[in-house]
Amino acid sequence: MGKDQSTNGGGLDRRQFLGLGAGAAAGMLLAACGGSSTPPGAGGQASDELFGTGAEYSGPNVSLAFWNGFTGGDGPFMRKLVDQFNSEHQNIKVSMNVLQWADFYAKVPTAVQSGNGPDIAIMHIDNLATNAARQVIIPLDPVAQLLELQEDDFYPQVWQAGIYKGNRYGIPLDTHPLLFYYNNKSLQQGGVDGPPTDQASFEADLKAMKGKGVQYPFWVPSDWPAHLIWWSLIHQFGGTPYSEDASQAQFNSDAGVQALTWMVDQAKQGYSPKNIALDAQAVAFRQQKNALTWDGIWMMNNWSQVKSLDWGAAPIPNIGGTQAVWASSHNFTITKQAANDKNKAQAAKVFIKWISDHSIDWAKSGQVPARKSVRESPEFQQLEVQSIAAKELDFVKFPPAVAGIGDLTQPTFQLAVNEAMLGKKDPKAALDTATKKANDLLAANRKKYGG
Amino acid sequence: MTTTDVGGRAAPPAAGPGAGVGPQGLAPTGRGVKGGSGLTPYLFLAPYLILFTVFVLAPAIFLIWISLHDWDFLLPGKPFVGLENYLDLFKSGTVSSGPFWSSMEATGKFVLYSVPLLVVIPMALAILLNQRFPGRNFFRAAYFAPYVLGVAVVGILWHFLLDPNVGLVNYYLDKLGIDANIPWTTETPWVWAALVGPTVWWTLGFNTVIYLAGLQDIPRELYEAAKVDGAGRWAQFRNVTLPGLRPVLIFVVTTTILASANVFGQPYLITNGRPGIETRSAIMHIGQVGLREFRMGEAAAGSLILTLALVLVSLVTFVAFRERKER
């Protein structure tokens, strides 16, 4: 064996190197961290040559690692789909790995770099550009062509967001906006018929419920998803968090301050308790202490688990004057790890198509399918909550698709919303600090990603 | 030395209390290993040394290298920036300095609040558990039990127990007529109680066991001698127990400081670093900046500063305990 290698003219290839065991792997990790290995197939080399022809795979048996962050009620739905896919495809075996989203985005780049990561990964719209720039994922233009995906079958903003520097990196799977959930019993208790739709009716209904003994009708969180509520409201009040080309942050615009002030005021007026820690508003909704809550569509199956909870869903009410709501989207991506192996790349293509074709089953987990043809199917119309969320698609506000922008959320406006909600700073001061920091980080990102 | 000679009786041979049998006593073969080559000791060291080099030394040196760059391991360009990462951390008003020093402050506070409790309470417990009483083993096990739980279990458990609005602790306080609605996990200073309290509950068993072992090493004769000399309980504690525990105490204090300074799981899970980033510990911050925001140069510089600070603190503790020993 040693002789064979020496006749090769030197060195082990990547595959043999991987087989050398733990000690060598540790060494390779250091080497990989040092950036000395150049990834094959990265940076625009993906082509029909890699992805083959058509939408089928007939090669030898191949196994695919599929990673996502579906840790909630959505996980079992995806797992079921994967199992079904495996039983229908004798020569492809997909194994699914689920991580918390926050850990997911930290681990995937490292894992892919070391060759032990996913071949297919689900990513949010605002992480596509970052991971494309960091060469974690590869261009999928040929896949979109081979699978005959048409732009007009997708929500335009979602479809566009998958493009970074002229190449497509994501195949949209779904859209998930915030929804307005309400407890029917509490509405009845307050003598309110039907969920409110604008600021006047919203505040009148809060007052009515409070007057009839609902102690805290509207729990406004301080942590997740508080910043998504703020994101919806700043658009409603006529502002945008970032300038159009996402080069400048403008969180502290009048609209931004009005949005955050309205959130803080709910506790001041006694409609929300103070000091809501992470997840408490959701626990309270399950316990029927919280009458109205704004949370992700993915929470719907959480509410369904509570038998005694009589709840409904509606579009996020128009508080600021313009209808708007935060939303994001899950996208399929193929990592540069799969680009090392034609069979894997082609099998991944088949998997993406299959799940996309079955996105009605995925919708049941609490998602709005990205494809219009699925949304307009009679099967989808029967999904009550999802259909309500689909109405929101007319006014959803996605995070911008710029490299590095997803990393800004946590240290800037998410922090500012928390500080204001917990009374540490007033809304304006919190947003001023966040804006300055965001602009510094945006400048650093431009330098780093050359945008 | 602290005990007076007891009337010509056979006093314990090792006069220094707690010193036990020193290494000198065990090693009459100080002449070197017969027949071994000069390499032998290094070969014995090798297994550990290799692991140490690969997993500690090399990464540590690599860390210094990273800290001198604007580093993102996936990007082809990793510009060398010299000491800029460090300067930014020490300059006020930069993106990196504010949150970093806030996290260092949070870590310092956590150490300050938790270490005294984790040194004193386990010592008192160990002395109690060293008495003879029925059910002693049960209590020893009971106090140690939380320590076997993982930080994830402890963190999530206390996050919900201490929730200001839907938590069990406030619920029972309310039942007791204390209508405080204490913001355990969202407001200073309560957050510190929410972090230190569960930490003490969780880890005191470990220090207790170490103290217990230390207590059992103190020769019984010393107590008898002290009693003969008319020492009361307090005098016995001061003159026999405490000096006897000194080596153990140094160990406990040093490891507890280091463990507390490396706190991550509790603020991550119980308070989520809230309010704002006031309870975000240094390790949490370094992880956030390096692995979530991918500013690894800055994170590396921060962790080197943390390391140096901890080395300094350890040295101070060590010296402080040594000073008292002289005489």
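Every number here is computed from the coordinates shown, using simple stated rules; none is lab data. Being a predicted model, the structure only gives us computed values, none of them experimental. Methodologically, a virtual Cβ is constructed for each residue, glycine included, from the backbone with ideal geometry; neighbour enumeration extends over all protein chains shown.
The packing ranking, built from the mean of other Cβ atoms within 10 Å per residue, places the peptides A:237-248, B:236-247 in the order B:236-247, A:237-248, highest first. Once C-alpha pairs closer than 8 Å and six or more residues apart are averaged by separation and normalised to the residue number of chain A, the relative contact order reads 24 percent. Evaluate the Kirkwood expression for the hydrodynamic radius of chain A, namely the inverse of the mean inverse distance over all pairs of different C-alpha atoms, and round to one decimal in Å. Evaluated over chain A, this radius sits at 23.5 Å. Helix B:296-323 and the longest principal axis of the Cα set of chain B meet at an angle near 20°.
Close amide-amide hydrogen proximity is noted between residue B:69 and B:81, each under 5 Å apart and 5 or more residues distant or on a separate chain (H modeled in the peptide plane; Pro and chain starts excluded).
Shielding of peptide B:270-282 by partners, expressed as the average count of other chain Cβ atoms within 10 Å per residue Cβ, is 4. When only Cα pairs below 8 angstrom with a gap of at least 6 residues are kept, the range A:300-387 shows a relative contact order of 24 percent. For the range A:189-297, which trypsin sites (Lys or Arg not before Pro) are in a loop by DSSP, counting at most 15 other Cβ atoms within 10 Å? Hits after loop and neighbour filter: A:212. Helix B:242-261 and the long axis of chain B differ in direction by around 10°, with both axes built from C-alpha atoms.
Each semi-axis of the equivalent ellipsoid for the protein assembly as shown is √(5λ) with λ an eigenvalue of the Cα gyration tensor; in descending order they amount to 52, 38, 24 Å. Quick one: check the C-alpha center-to-center distance for the range A:340-398 versus the range B:172-194, whole angstrom. When both Cα centres are located, 45 Å separates them.
With both labels modelled 7 Å from their Cα along Cα-to-Cβ, the residue B:50 to residue B:152 distance reads 3.2 nm.
In this simple spin-label approximation, residue B:120 and residue A:95 carry label points 7 Å from Cα along the Cα→Cβ vector, and these lie 5.3 nm apart. In nm², what is the average projected area of the convex hull enclosing the Cα atoms of the range A:359-451? Dividing the Cα hull surface by four gives the mean projection, 8.5 nm². Shielding by partners for peptide B:284-295, expressed as the average number of C-beta atoms from other protein chains within 10 Å of each residue's C-beta, is 4. Helix A:226-236 axis versus longest C-alpha principal axis of chain A: approximately 70°, rounded to the nearest ten.
Per-peptide packing, taken as the mean over residues of other Cβ atoms within 10 Å, places A:145-154, A:181-190 in the sequence A:181-190, A:145-154 from highest down. Close amide H partners of residue A:62, meaning residues 5 or more places away or on another chain with modelled amide H under 5 Å apart, are A:92, A:93. In percent, how large is the relative contact order of the range B:99-326, given Cα pairs closer than 8 Å and 6 or more residues apart? In percent, rounded to a whole number, it is 30.
Rounded to the nearest 500, the 222 nm mean residue ellipticity of the protein assembly as shown from helices alone is -15000 deg cm²/dmol, with -39,500 (n - 2.57) taken per DSSP H run of at least 4 residues.
Once the mean of 1/r is taken over each pair of separate Cα atoms and inverted, the range B:99-326 shows a Kirkwood hydrodynamic radius of 19.6 Å.
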